[in-house]
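The values are calculated or read from the model by the stated rules, or taken from the named source; none is laboratory data. Here the structure is a predicted model, which is why all the values come from computation and not from measurement. As a convention, Cβ positions derive from the backbone with ideal geometry for all residues, glycine included, and neighbour counts pool all protein chains shown. Heavy atoms of the whole protein, side chains included, go into the accessibility calculation; ligands, DNA and RNA do not. Shrake-Rupley method; radii C 1.70, N 1.55, O 1.52, S 1.80 Å.
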Amino acid sequence: MSTSLPGNRDLPASQYDLTTYWGRVRHAADISDPRTLFVSSSGLEQAKNLISSYKQNHVPVMTPDLWRAKKVVDATLHPDTGSPVFLPFRMSSFVLSNLIVTGGMLTPGLQTTGTLLWQIANQSLNVAINNANANKSTPLSMSQMAKSYLMAVSASCSVALGLNALVPRLRGISPNAKLIMGRLVPFAAVSSASALNVFLMRGEEIRQGIDVYPVLSEAEKKKREETGEPLESLGKSKKAATIAVGETAISRVLNATPIMVIPPLVLVRLEKTAWLQARPRMVLPLNLGLILATSIFALPLALGAFPQRQAIGASSLEEEFWNKGGVNGQVEFNRGM
């Protein structure tokens with residue numbers, strides 16, 4: 001992200017108003033834009049150099065080229081480390097990376113083996129994405145990661161297999177209702193396990209806390225630009241970490257809900273049409289098309305639910321931070337994605 005590049009001058013956080021939901025949605029759409037995946041290494045370096053020029057006061061104002069460079073950098077670099085996030089695990093690759101796995105989970109008529117394999121594949125991808133985009137001020141060890149992964153896989157498989165066994169035994173429900181409930185089993189498994197996965201993979205943040213920083217006034221930002229003084233962390237807050245991880249877990253559920261609900265319900269209706277009954281081979285491409293279309297719209301709406309750079313009152317954190325807030329007594333932290 002641009003905050004990790006050389007220079008003391010701060011870039012505007014976004015060209016959109018991040019205090020509003022729709023402003024954050026438009027900003028999230030930029031970060032998750034799949035077109036940024038095609039930017040070459042030289043293109044990324046050019047974007048970084050252009051932003052560094054602005055941060056070092058060589059460029060006076062933001063221009064369309066600068067905004068495009070910031071979009072590329074924000075979609076590619078991790079805000080804490082400044083290193084590129086591994087391409088398949090970036091938010092700009094989220095829709096494409098999830099397409100095949102989600103399509104597999106929503107395939108009609110999956111047997112036990114298929115259900116297990118697709119749930120394992122989904123949780124493996126979730127672990128990788130959550131770890132790649134987590135707040136890096138409190139890293140997770142490999143042993144903790146392995147333990148969290150096994151717990152998340154166990155939870156998702158247990159929910160999926162348990163509901164698959166329960167739905168056919170329900171009485172007093174029409175066959176069509178059972179069909180719909182059966183198609184929604186992956187949603188229940190994915191939603192519960194996705195939230196659990198975030199808490200497990202980022203549990204160390206809650207146990208140790210994450211770095212928080214004072215919110216600076218314009219005068220303080222100007223002074224820091226002139227002196228080159230780095231912005232020092234006020235310390236690690238467990239309460240800030242709980243907020244960050246909790247909001248990320250909610251956003252994962254918000255993202256999964258339309259993707260795991262709308263396509264199977266639409267497909268149930270389409271499967272009753274004479275056109276699709278005469279063309280059973282079209283079920284798979286239709287399913288993937290519905291998932292892709294829903295995912296493209298759902299991801300920015302979910303990511304925009306909460307700000308990535310969160311500002312809260314210092315008094316809402318541990319007592320050690322109460323008198324250390326910046327503007328309006330506020331501190332800020334990176335929520336992660």
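Observations on the structure shown:
- Those residues of region 1-27 which are outside any loop (DSSP other than H, G, I, E, B) and either loosely packed, with under 13 Cβ neighbours inside 10 Å or modelled with pLDDT of 90 or more (or both), in sequence order: 21, 22, 23, 24, 25, 26, 27
- Only one of the numbered conditions (1) touching a helix residue (DSSP H, G or I) at 6+ places or on another chain (Cβ under 7 Å); (2) crowded, with 16+ Cβ neighbours inside 10 Å; (3) hydrophobic (A, V, I, L, M, F, W, C) is violated by residue 240, and that is (1).
- Some residue of region 200-208 being among the aliphatic types (A, V, I, L, M) and farther than 21 Å from residue 320 by Cα: yes
- Filter result (within 15 Å of residue 209 (Cα to Cα), assigned to a helix (DSSP H, G or I) and among the polar types (S, T, N, Q)) within region 230-269: 242
- Selection status of residue 264, in contact with a helix residue (DSSP H, G or I) (Cβ under 9 Å, 6 or more places away or on another chain) and in contact (Cβ under 8 Å) with a residue 60 or more places away in the chain: yes
- Flag if residue 323 is open to solvent by 80 Å² or more (accessible area, probe 1.4 Å) and assigned to a loop (DSSP other than H, G, I, E, B): yes
- Within region 215-228, considering residues that are acidic (Asp, Glu) and at pLDDT below 75, the one least open to solvent (accessible area, probe 1.4 Å): 225
- Selection status of residue 304, within 18 Å of the chain's Cα centre (by Cα), surrounded by 21 or more Cβ atoms within 10 Å (Cβ to Cβ) and under 30 Å from residue 79 (Cβ atoms): yes
- Summed over region 78-95, the residues that are touching a Leu at 6+ places or on another chain (Cβ under 8 Å) and outside any helix (DSSP H, G or I) give a count of 5.
- Criterion violated by residue 75 - all others in (1) within 17 Å of residue 336 (Cβ to Cβ); (2) assigned to a loop (DSSP other than H, G, I, E, B); (3) without any contact (Cβ under 8 Å) to a residue 60 or more places away in the chain; (4) not β-branched (Val, Ile, Thr) satisfied: (2)
- Pairs linking a residue in region 199-211 that is at positive phi to a residue that is hydroxyl-bearing (Ser, Thr, Tyr), with Cβ atoms under 9 Å and 6 or more positions apart or on different chains, are 209/137; 209/138; 209/237.
- When each of 231, 254 is tested for being within 30 Å of residue 57 (Cα to Cα) and open to solvent by 20 Å² or more (accessible area, probe 1.4 Å), the lone residue that passes is 231.
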